[in-house]
Amino acid sequence: MPQPPPKRVVLATFGSHGDLHPFLAIALSLQQRGVRCVLAASAEYRAQVESEGIEFWHMRPDRNAVTQRLGLDETQLLQAVQREPQFLMRQLLLPHLTESYEDCLGCIRGADLVVTHSLAYGAHLAAEKLGVPRLAIVLQPMLFFSVSDPPVGGPAPRLTRAIHSLGPACTRTYFAVGKRWSRRWARPIDALRREVGLPAEAAHPFFEGQYGTAGTLGLYSSVLGQVQPDMPPATRIVGFAFHDRQQGRPVPLSPSLIQFLSIEPRPLVFTLGTAAVHDAAEFMEQGLAAVRKLHARAIFVLDEQRQRAWSRQASPETLITGYVPYSLLFPHAAVIVHHGGIGTAAQALRAGRPQLVVPYLMDQPDNAHRMTRLGVARTLELHRFHSGGMVEELQLLLRDPAYAERAADIGEQVRKDDGACAAAQVIIEALERSR
């Protein structure tokens, strides 16, 4: 008898490399199990996806289209999101919702399952329109908005901490007010639903509406947050899904970097990750000043353009480099200094080294709060982001061995998980149920 065609899964993601890489890891794990995968994302990721042997599907919006429409460069975009978190929804995503929906119809038609990022609203609607089961991916604990384990975030993390300290009833009221206030932002989603013939939906698209009909996966380590009673049914926390390659193959450390790492003491490692790298000037200026005050060795990881711009600041004690695989670099750090994006945080936790987190926007304050709560990090809030504040926090991390000991313990726990493999197994189970 002829063999049935392989199951076809569409994975739709939106955002920075920290949002892309987990989906790449899942797609590779699925393809090893004989599942045909299509990864839908913005155009700038086509080469990277196809270099891994994964079919790519263009899903708007693209970064260039957004910056041209708004007349802002990427630094100005980040600053706007930092000032007004709703800017991400109202100005970056929802104006392109119809485009995203139309793009997704083509790749989802005939698929057996759709796996979506929390912000891939066009894919959410296309899957519903075509009647294809959907599994939701949640990359950050804060996006569950659990009253039992509430997030610390937004433009006022101190205020949210104060509200949560008053107990679950206050937190529940705070969430309810936030949902009512933000519901108007979702009017473009409601309008598109009517236009394409989908019924009105009572669920808030940014909250409970993000979850999937086939279940929800927390793609992060349970050390950051466990399944809570108020999370949606069929929620599983499966661990981080790591992908640390370029052009389909691992990237080795350069000889100069290997030589630098062979010298004691361990260096401080500073990185902006991928989401906030466009705001590098102040980070570099304050970081370099802190390194000089500490008389420390340090490595600064930037993109290639900014590496060239800052290369004159390099010295025998300070190395300024472009892309380096975090999985190879972070285990050699004395302390990892970063902005707390979930992708960088995952690599830092896995490395088992202490962290100084300087949260900038979105989920970063909550990620910083959770890692500080674990005892592996300290948080430097933006109002204290200067070389003096950085020196003070770094000294505490370097002098107290409890941070390194706790980080090593947590790193061992994180390394036991294989989020990509576990997610692939859940997807296989969902495919079997749909059959």
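None of the figures in this text is laboratory data; all of them are computed from the coordinates on show. The model shown is predicted, which means the values in this text are computed figures rather than measured ones. Heads up, the Cβs are rebuilt from the backbone with ideal geometry, glycines too, and the neighbour counts pull from every protein chain shown.
Measuring nothing but how far apart in sequence close Cα pairs (under 8 Å, 6+ apart) lie, relative to its length, the chain scores a relative contact order of 16 percent. Peptide packing: for 198-208, 416-426, the average count of neighbouring Cβ atoms within 10 Å per residue gives the ranking 416-426, 198-208, highest mean first. In the stretch 363-380, which residues have a backbone nitrogen under 17 Å from the label point lying 7 Å from Gln228's Cα in the Cα-to-Cβ direction? Counting backbone N atoms under 17 Å from the label point, the list is 363-374.
For Lys7, the lysines whose Cα falls under 28 Å of its own Cα, not counting residues fewer than eight places away in the same chain, are Lys129. Does anyone have the angle between helix 97-108 and the longest principal axis of the chain? Alpha-carbon axes, 0 to 90°, nearest 10? The two axes meet at around 70 degrees. Each residue, Glu201 and Cys170, gets one label point 7 Å from its Cα in the Cβ direction; the gap between the two is 3.3 nm.
In the chain, the C-alpha radius of gyration followed by the widest Cα-Cα span (Dmax) gives 21.6, 73 angstrom.
The spacing between the stretch 85-115 and the stretch 182-261, judged by their C-alpha centroids, is 14 Å.
Peptides 57-64, 362-369 ranked from most to least packed give 362-369, 57-64, packing being the mean of other C-beta atoms within 10 angstrom over each peptide's residues. In the stretch 257-271, whose amide N lies under 15 Å from the spot 7 Å out along Cα-to-Cβ of Ser311? List them in ranges. Hits in the stretch 257-271 for Ser311 at 15 Å: 257.
Based on DSSP H segments of at least four residues, each scored -39500 (n - 2.57), the chain has a per-residue ellipticity at 222 nm of -13500 deg cm²/dmol. Protection proxy ranking, highest mean first, for peptides 93-101, 68-76: 93-101, 68-76, where packing is the per-residue count of other beta-carbon atoms within 10 Å, averaged. For the stretch 245-416, the alpha-carbon coordinates run over 37, 37, 33 Å along the three principal axes, in decreasing order. Taken along the Cα-to-beta-carbon direction at a fixed 7 Å, the label points for Arg158 and Leu130 span 4.9 nm. Of all lysines in the structure, not one has an alpha carbon short of 27 Å from that of Lys293, not counting any fewer than 8 places away in one chain. Given R₀ = 45 Å, what would the calculated FRET efficiency be for Leu253 paired with Ser434, taking r from the Cβ atoms and rounding to 0.05? Plugging the Cβ-Cβ distance into 1/(1 + (r/R0)^6) gives 0.55. Ordering Ile26, Ile427, Ile54, Ile263 from the fewest to the most neighbouring beta carbons within 10 Å gives Ile263, Ile54, Ile427, Ile26.
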